[in-house]
Each structure stands twice: as C-alpha cells, then as structure tokens.
Amino acid sequence: MKKITLFFLLLSSMLLYSQKEVKVDLSNPNSAIYTHLYFLQSDSYEPVKAATTIYGFQGEEAEEIAIKLKKILDGKGLKVDFSKVPTNTMYSDTTGYKIGNRYVLFPYQMPEIYVERVGGNWYYSSETTSQVNNLYKSIYPWHTEKLLQIIPEIGHSKILNIELWQYLGLLILVILCFILFFLLKKIVLYILRKIQLWIVHKSNAKIDVALKKLTRPIVLLIVIWFLKTLLPSLMLDLDVNTVIFLVLNIMVTVFWIYVFLKLVKVIMSVYEEFAESTHNKLDDQLVPILNNFLTGIVIFVGFLKMLTLFGIKPVTVIAGASIGGIAVALASQDTVKNLIGTIMIFIDKPFHIGDWIEAGEVVGTVETVGFRSTTVRAADTSVYQIPNSTLSEMVVNNKGLRAYRRYTTNLGLRYDTPPELIDAFVDGVRKIIKLHSATRDDAFNVEFSGFGDSSLLILVNVYFTALDWNKEQASKHSLHIAILKLAKEIGVDFAFPSTTVMIEQFPEKKGLELPYNIDEKRIQEIINNISKK
C-alpha cells in the first residue's frame, strides 16, 4: 500500500514538473519572443536556449546577441505584453512598418527590433541582429561596464529591488538635471529671440512673453532627453525602468503639446500684427479662427501620441473616429455645411469686415465672420446672424468693393424759370461738382432732363470717391448746400407739387410772376465766383 501511494505521489510530481517546464518554441511570434525572454530571466537563465531565436548565428556569438537584445529592451523600459503578441503561425504585418510575415515588438519606440518567419519558424530578423551592437552602444555608453567594476560590494545591496549605487546614480542625475535646466534657460531664450528676429524682423511685448513661456518646456525637453540618455547606464530593473520611462514619455508628450501650443501663439501674434497692417479686415477675423483650428490639431495629434504610450494604435483610434465622425456628420449636416461655407468665404473673400453688403433682404455692415455664421449690422443698428452655408450660396452685392459711390437725383425748378437761368444753373452745378473734393470731376451728368408734373427736371448724376457710408452722407450734405447757395444767388426757385388755376373772366388781372434777373454779366460773375468745396 505504501509503495502504491509513493508511486502516485512521484507520478503527480513528475506531471506537475512537466507542466511547468518551458520548452523552446519558435512556431509563432508569441512563442519565439517568450522563448528568448524567458530563458534570460534570473530564475530560468539558459542563454543557450534563448540564442535559438537568433537566426544566422550560433554558439557564444548568438548568446551574446540574445543577451544584448534583452538588455536593450530593459534599458529602454520596453516590457513585452504577451497578450497582444500574435500566436498565429502565418501572421502577416499589415500596419505598414514591416510588410510580410513579420511582427514588430515596439513599432513606435523601436521599429528596428522585429521577428520574422524563416522556413516555418520565427526568429529575430537579420536586420535586427545586425543592428544590435550599435543599439547597445547607443543605450549603454562605454563607461557603463567600467562603472560596474569599480562599485564596492556594499553598493550592490538592494532596497526595494534597487541597488544602493543606483540610488546614488539617480540622485546625481537629478542634481545634474537641475544644473542643466538653469544653464540652458537663458541660452534657449536668447536663441529663440534671434530666430524670431531673423524670421519676422520685428518684435513686441506680446511675442516676447510668448517666447519666454516657450523657453521653459523646450529646456525641460532637453533635460528629459539628457535623463533618458544616461538612465540606462544605471541598469535598473525592467519594471522600474518601465515605470520611469513611461512617466518620462508622458512628460515629453505633454511638454511637446505645450511647446506647439505656445508656438501657435507666437505664430498667431506675428500673423495678427501682419493682419493689422493690411487693408483687408477679413484677415483680422481669420486670426481667432486659425488659432482655434491649429490648437485643435495640436491637441488631437498629442492625444494620439499619448495613446501610443499605452499600446493603443492611432490607426484604430482614427478608424473609430472616422466612423463616429460619419455619424456626427449625419446628425449635424447644417454645422458641417456652415463650416464648409466659412472656408469658402475665407477662400473667395466676397467681402471684408466693415463692408456694406446686400444679401437677400439683409442690408448692412459686416462685423464678424465666425465658424458658423456671419454677423451683419443694419443701418438701424439691428444685428443679423446669417449662416455661412446660406451666405456662401447667396448673391452678395458688396457695395464696399465699389470704386465709387454713385448718387443720382432730380432737381425740380419752377415752370416759369427763364431758359437763360436754367442754363446758368446747370453750368453752375457742373462747376460745383468739378471743384468738389469728394466727387469725380471726369464722370458726372448735369442736364435738363425733362418736364415733370410740377417742375422742370434737372438730372444730377455724380460719383463720390468716399466709400465709407458716413463720409458719403457728409459729401452729399456739402454738395446740396453748395447747390442751394447757387440757386439763391442766381435767383431760381425749386418747385413743389402745386396747381395753378387760370381765371379768364378777369383779363385785367395779371398772374403772379417772380422778378427773374437774367442779366448775363451778373450770371457769369456768379458762376466765376464758385469756389472749391
């Protein structure tokens, strides 16, 4: 009975051991990478088996490559998530990094390291093995090995899985980073100012403030690069390195987002100053729209970069965003139409800020052009919000683009005005227009145009050079006053709707007649005395 019991215990222990035993398996990407990393762990260290994943090399050379390959991943804090590594024997990469039966372990951090299928098995590629030595030297400087040799035994004592000499190294790195930060701060600001002056040849307080805010994240990026370069020299544990590099990479991404946001501010400050120097006021309105657009792009790209740090592929996010974008676009077609209308307005520029336009029933001055709508203020100060999609399809009469403002009116003289005074009045009005500072002297009409119901019609057609509505009204005022003064001096009266009753029973009664003075010398003297207004 004891022998039977002992037999079964021995058998069960053998079965348990056989279940825990890991064998070399190169049948798929997952198994090949696991074989390489498993047999280089401290509790299962068998570099001979790990070297079987290196194609084209054998013996100690293959073992050295396998060991260096693991140290490269450890030094960069790159920990393989085997739940995401494919187990398909015929796996084919379709991401565009390495097309074919290949799998890239870390496509964004280290695309040089990948496995490929050769003769039915999966190995680290010949391109990977050929670059191992260069990658190792770039991560672990020449002083790394010598540093390990001079460290005393007590320095290898561990606290929380980190050796004492590594704690000291971290402290020294932090101190060096602080020193480097304060040294580089003034240097980088000086360089940024020189670049800014070289590009735009001008500066102001707003740009200078933006440059100062831009300096700090740039210096921090340089300091983090310095820290990431020397950190592998401390040969920290993989788990520790993974956490540190993840934090540093998140900081780098956040700082880059901040840098580009501040760079957008600097560019917008320069563009805003340029827009203010131009006559096109629509450029001024483009500043906030362009600023919001560029800010959105920076944040979106930074968000995608942040996702890659956690192993999420941007392609997946963009695909999901595209599907969601279609749904949103279908639900908000008017918003999309308005956005397209805004783009078309800024491209075609049918009007500018401050232009007086007629769009359908809306007549007024353009005040703002936004993402969704355009604001037009009418003469009675009421405000109209016209959707840009509608405005881009309407016939817009832009009176602000007129070269001149045309003004046409009829002056009505009394029917009993003598022809001599009519000619004198017409000549006088013509001279007033020629000498007026706000009218064209080469294109106007002043003619006796016809007979009205109650007056003799004098057509006046002039073109004002002032395009502003207020200035146009002021020009009309001065022109009208000059014409009224001319009429008074010549002695003509303006007619008004009236009815004359002729009574023939009293022939001895004479009608009311004005004492018109048609002396040619007097008339010519009045016209000659017309001065420039």
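The values are calculated or read from the model by the stated rules, or taken from the named source; none is laboratory data. Small disclaimer: the values here were computed from a predicted structure and weren't measured. Cβ coordinates were reconstructed from backbone atoms using ideal geometry, including for glycine residues, and neighbour counts include every protein chain displayed. In case anyone asks, the SASA skips ligands and DNA or RNA and just uses the protein heavy atoms, side chains included. Shrake-Rupley method; radii C 1.70, N 1.55, O 1.52, S 1.80 Å.
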For residues that are open to solvent by 60 Å² or more (accessible area, probe 1.4 Å) and aliphatic (A, V, I, L, M), tally how many sit in segment 337-359.
-> 5
What tally of residues in segment 366-390 results from selecting those that are assigned to a strand (DSSP E or B), open to solvent by 40 Å² or more (accessible area, probe 1.4 Å) and free of Cβ contacts under 8 Å to residues at least 24 places away in the same chain?
-> 5
Long-range neighbours under 9 Å by Cβ, at least six apart or interchain, first residue within 16 Å of Phe351 (Cα to Cα) within segment 396-415, second open to solvent by 70 Å² or more (accessible area, probe 1.4 Å) and at pLDDT 85 or above = none
Within segment 28-58, which residues are of a type outside the set (Ser, Thr, Tyr) and assigned to a helix (DSSP H, G or I)?
-> Pro29, Asn30, Ala32, Ile33, His36, Leu37, Asp43, Pro47, Val48, Lys49, Ala50, Ala51
Filter pass, Asn470 being in a loop (DSSP other than H, G, I, E, B), at pLDDT 70 or above and open to solvent by 60 Å² or more (accessible area, probe 1.4 Å) = no
Within the set of pairs 6 or more residues apart or between chains, which connect a residue that is on the phi < 0 side of the Ramachandran plot inside segment 430-455 to a residue that is part of a loop (DSSP other than H, G, I, E, B) and small (Gly, Ala, Ser) with Cβ atoms less than 9 Å apart?
-> Leu435/Ser531; Ala438/Ala466; Gly452/Ala495; Ser454/Ala495; Ser454/Ser498; Ser455/Ala495
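Would you call Glu393 open to solvent by 50 Å² or more (accessible area, probe 1.4 Å), over 28 Å from Arg522 (Cβ atoms) and either assigned to a strand (DSSP E or B) or not basic (Lys, Arg) (or both)?
Answer is yes for this residue.
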Kindly check whether there is at least one residue in segment 252-269 that is within 25 Å of Leu168 (Cβ to Cβ), modelled with pLDDT of 80 or more and either surrounded by fewer than 18 Cβ atoms within 10 Å (Cβ to Cβ) or touching a Phe, Trp or Tyr at 6+ places or on another chain (Cβ under 8 Å) (or both).
-> no
Is there any pair linking a residue in segment 144-168 that is modelled with pLDDT under 75 to one that is hydrophobic (A, V, I, L, M, F, W, C) and loosely packed, with under 15 Cβ neighbours inside 10 Å, with Cβ under 9 Å and at least six apart or on different chains, and which?
-> Gly155/Leu168
Return yes when Ser18 is modelled with pLDDT under 90, surrounded by fewer than 14 Cβ atoms within 10 Å (Cβ to Cβ) and touching a Phe, Trp or Tyr at 6+ places or on another chain (Cβ under 7 Å) and no when it is not.
-> no
Within segment 208-218, can one find any residue that is open to solvent by 40 Å² or more (accessible area, probe 1.4 Å) and under 18 Å from Leu307 (Cα atoms)?
-> no
